[in-house]
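Asks: Can you read through this structure? Questions will come right after.
Taken together, the values in this text are just the output of simple stated rules run on the coordinates, not laboratory data. Since the model is a prediction, treat every value here as computed from it, not as a measurement. Cβ sites come from the backbone with ideal geometry, for glycine too, and all protein chains shown count toward neighbours.
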Amino acid sequence: MPEATVQMSSDTSTESTTESREVSASFTMYTTPWCGYCHRLKSQLDREGISYDIVDIEAQPEAAEIVESANNGNQTVPTLVYTDGTAQTNPSIIQIKEKLAALAA
């Protein structure tokens, strides 16, 4: 799926995936507790040592608007929103690494 650009509100709180990080996360993953794709992607990211913030759109319904804006009105998760405002829906770990490399360049 091509990247989308989303408008993020500043009042959406996030939870960090690491206790203490030297560098802030480069993206936020929007998810739900029951999403199998989300659980798989979180495991892959953790295994690769990639830090990210996580937002449960069921616990924070206002975050669902961000997901909808990236997915043509649909609440499709996992949706990742990067620091440059672009988004990816259900990306592979390879796509995420490529995006993070592009952001670091």
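Asks: Tell me which strands (runs of 3 or more DSSP E) are completely within the range 20-105 and hold 1 or more residues being touching a residue at least 24 places away in the same chain (Cβ under 8 Å) and small (Gly, Ala, Ser), or say none if there are none.
Replies: Qualifying strands (runs of 3 or more DSSP E): 86-89.
Asks: Another question, then. Within the range 33-79, count every residue that is of a type in the set (S, T, N, Q) and in contact with a Cys (Cβ under 9 Å, 6 or more places away or on another chain).
Replies: Step one: filter the range 33-79 for residues of a type in the set (S, T, N, Q), giving 43-44, 51, 60, 69, 71-72, 74-76, 79.
Checking which are in contact with a Cys (Cβ under 9 Å, 6 or more places away or on another chain) leaves us with none.
Residues flagged as of a type in the set (S, T, N, Q) and in contact with a Cys (Cβ under 9 Å, 6 or more places away or on another chain) within the range 33-79 amount to 0.
Asks: Hey, among the residues in the range 76-101 that are surrounded by fewer than 17 Cβ atoms within 10 Å (Cβ to Cβ) and among the β-branched types (Val, Ile, Thr), which one's nearest to Ala25 (Cα to Cα)?
Replies: Thr83
Asks: Taking the residues in the range 35-54 that are among the charged types (D, E, K, R) and surrounded by 16 or more Cβ atoms within 10 Å (Cβ to Cβ) as candidates, determine which candidate is nearest to the chain's Cα centre (by Cα).
Replies: Going through the range 35-54, the residues among the charged types (D, E, K, R) turn out to be 40, 42, 46-48, 53.
Adding the requirement that they be surrounded by 16 or more Cβ atoms within 10 Å (Cβ to Cβ) leaves 42, 53.
On the way: Lys42: 10, Asp53: 7 Å.
Among those residues, the one meeting the criterion is Asp53.
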